[in-house]
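The values are calculated or read from the model by the stated rules, or taken from the named source; none is laboratory data. Remember, it's a predicted structure, so these values are computed and weren't measured experimentally. Cβ atoms come from the backbone with ideal geometry, glycine included; neighbour counts cover every protein chain shown. What goes into the accessible areas is simple: the full protein's heavy atoms, side chains included, and nothing from ligands, DNA or RNA. Shrake-Rupley method; radii C 1.70, N 1.55, O 1.52, S 1.80 Å.
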Amino acid sequence: MSKIIAVLVLSFFSGALYAQQDGDLWDMSMSVAEGNDPLMPMMSNKICAPKEKNAGEKMLKPDGAQNCKTDLKTSGNKTRYKTICVNDGETTTMEGVQELLGTDHFKSDGTITIEGRKGKQVMRQAMTMKKLGACKVDANPAAGMMAEMKQMCGELADSMHTPSFLGKDAPCKDQKPLLCAKVKASAEASRDPAKYRTPGLQWDEATKACGVDFAAVTREACQRAIDTKNWSFITSHCPAETKDIAARQCAGRSYTAMMQSEYAQVCRSQSPDIAREEAARDKAEAAGSAPSETAPKKKEKNLLDKGKDMLKSLF
């Protein structure tokens with residue numbers, strides 16, 4: 001995350017260092033999300049940037065804008081953009097939509113993809129920018145912005161945004177204990193199936209970094225779910241336990257017996273054939289004829305045919 005944040009922040013400045021000069025004060029609100037994760041709460045900052053005639057367009061390119069190709073398509077007050085930059089074996093792609101809300105006031109929503117030797121990183125970002133007035137630009141505005149972001153580490157810890165704390169370039173790496181305290185509290189709560197945190201890529205990384213054995217937490221949650229007969233939780237989060245219960249309670253039983261037992265949900269999750277039979281049964285019930293089993297239905301049909309043949313022989 002930290003590298004993409006740097007792309008967003010630095011793209012608003014035309015160089016690394018400035019002598020103090022007149023600038024524009026902007027109110028900048030930004031939210032980011034890794035991959036398909038939901039956006040984090042908006043983080044707001046005041047930024048003093050050098051005066052720019054087209055400040056909104058400047059946000060559509062990474063800092064430096066070397067070896068870049070930009071495609072802009074404007075319709076009304078919206079501009080769809082795509083910028084691809086290749087530098088030092090790394091490709092940065094920024095694409096999305098920017099909307100003009102008023103004079104020196106705009107918002108954007110898009111994605112940033114960085115691909116290089118270390119793999120691929122994708123981040124979604126939503127941002128609003130509004131000019132507030134005049135200011136004096138600091139010698140190193142980007143460093144000032146990153147310093148302000150570090151003040152938000154507590155908020156980032158509350159949302160357990162792992163990339164902000166892990167890695168040598170993470171803005172909150174020196175406040176990792178804040179993250180671990182939240183991770184350990186969440187893991188402890190997860191022993192209760194009702195408060196269980198479904199593992200994801202960031203969560204797995206966070207528990208490992210904070211020394212939490214979440215597999216043991218999951219085993220305890222599964223046992224509590226068994227004790228309370230929470231079959232929905234078991235079939236969703238406890239594959240070993242689901243398989244064991246199905247072997248003891250579902251194997252060898254008739255379809256009707258399984259569906260009438262308390263283990264019906266477990267049986268369905270372990271047998272595609274059972275699920276198909278249940279779907280056929282539901283369809284038959286909806287049509288107004290609901291035989292309890294396939295075999296009796298076949299026998300009834302054979303008896304009916306025999307009755308018809310008997311009538312034909314009489315007449």
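Would you be able to say whether some residue in region 245-255 is closer than 25 Å to Q202 by Cα and among the hydroxyl-bearing types (S, T, Y)?
Just the residues of region 245-255 that are closer than 25 Å to Q202 by Cα, to begin with: none.
No, every residue in region 245-255 fails to be closer than 25 Å to Q202 by Cα and among the hydroxyl-bearing types (S, T, Y).
Counting just the residues of region 91-132 that are over 23 Å from the mean Cα position of the chain (by Cα) and more than 26 Å from P50 (Cβ to Cβ), which one comes out surrounded by the most Cβ atoms within 10 Å (Cβ to Cβ)?
By that ranking, first place goes to T91.
So for region 195-212 (the condition being open to solvent by less than 30 Å² (accessible area, probe 1.4 Å), over 18 Å from M40 (Cβ atoms), among the polar types (S, T, N, Q) and assigned to a loop (DSSP other than H, G, I, E, B)), does at least one residue qualify?
No: region 195-212 contains no residue that is open to solvent by less than 30 Å² (accessible area, probe 1.4 Å), over 18 Å from M40 (Cβ atoms), among the polar types (S, T, N, Q) and assigned to a loop (DSSP other than H, G, I, E, B).
Of all residues in region 38-54 being farther than 11 Å from M152 by Cβ and open to solvent by less than 80 Å² (accessible area, probe 1.4 Å), which is modelled with the lowest pLDDT?
Of everything passing the filter in region 38-54, E52 is modelled with the lowest pLDDT.
Within region 66-75, can one find any residue that is among the small types (G, A, S) and at pLDDT 80 or above? I'd like the intermediate steps shown before the answer.
In the first step, residues of region 66-75 are kept if they are among the small types (G, A, S); the result is 75.
Okay, now just the ones that are also at pLDDT 80 or above, so 75.
Scanning region 66-75, I find at least one residue that is among the small types (G, A, S) and at pLDDT 80 or above, so the answer is yes.
Is it the case, given these coordinates, that L100 is modelled with pLDDT of 85 or more and on the phi < 0 side of the Ramachandran plot?
Numbers: modelled with pLDDT of 85 or more: yes; on the phi < 0 side of the Ramachandran plot: yes.
Taking the combined requirement at face value, the residue satisfies it.
Would a scan of region 200-215 turn up a residue that is within 30 Å of L156 (Cβ to Cβ) and more than 22 Å from the chain's Cα centre (by Cα)?
Narrowing region 200-215 to residues within 30 Å of L156 (Cβ to Cβ): 200-215.
Then drop every residue that is not more than 22 Å from the chain's Cα centre (by Cα), which leaves 211, 213.
There is at least one residue in region 200-215 that is within 30 Å of L156 (Cβ to Cβ) and more than 22 Å from the chain's Cα centre (by Cα).
How many residues are closer than 18 Å to S190 by Cβ and assigned to a helix (DSSP H, G or I) when one looks only at region 221-262?
Of all residues in region 221-262, those closer than 18 Å to S190 by Cβ come to 221-228, 230, 232-241.
Subset that is assigned to a helix (DSSP H, G or I): 221-227, 232-237, 239-241.
Residues meeting the conditions: 16.
In region 216-241, how many residues are free of Cβ contacts under 8 Å to residues at least 24 places away in the same chain and open to solvent by 60 Å² or more (accessible area, probe 1.4 Å)?
Qualifying residue count for the region: 6.
Return the residues of region 203-215 that are acidic (D, E) and in contact (Cβ under 8 Å) with a residue 40 or more places away in the chain; say none if nothing qualifies.
From region 203-215, those acidic (D, E) are 204-205, 213; that's our starting set.
Passing the criteria: only E205.
Please indicate, with yes or no, whether at least one residue in region 176-194 is of a type in the set (S, T, N, Q) and open to solvent by 40 Å² or more (accessible area, probe 1.4 Å).
no
Just one of G167, G200, G144, G154 is touching an Asp or Glu at 6+ places or on another chain (Cβ under 6 Å) and modelled with pLDDT under 90; which is it?
Just a single option satisfies the conditions, and that option is G144.
So which residues in region 165-194 are over 22 Å from the mean Cα position of the chain (by Cα) and part of a loop (DSSP other than H, G, I, E, B)?
Of everything in region 165-194, those that are over 22 Å from the mean Cα position of the chain (by Cα) and part of a loop (DSSP other than H, G, I, E, B) turn out to be K168, D169, R191, D192.
Please find, within region 23-33, the residue that is nearest to E115 (Cα to Cα) out of those that are surrounded by fewer than 18 Cβ atoms within 10 Å (Cβ to Cβ) and of a type outside the set (G, A, S). Full working, then the answer.
Taking region 23-33 as the starting set, the residues that turn out to be surrounded by fewer than 18 Cβ atoms within 10 Å (Cβ to Cβ) are 25, 27, 29, 31, 33.
Retained after the next criterion (residues that are of a type outside the set (G, A, S)): 25, 27.
Values: L25: 33, D27: 30 Å.
Filtering region 23-33 for residues that are surrounded by fewer than 18 Cβ atoms within 10 Å (Cβ to Cβ) and of a type outside the set (G, A, S), the one nearest to E115 (Cα to Cα) comes out as D27.
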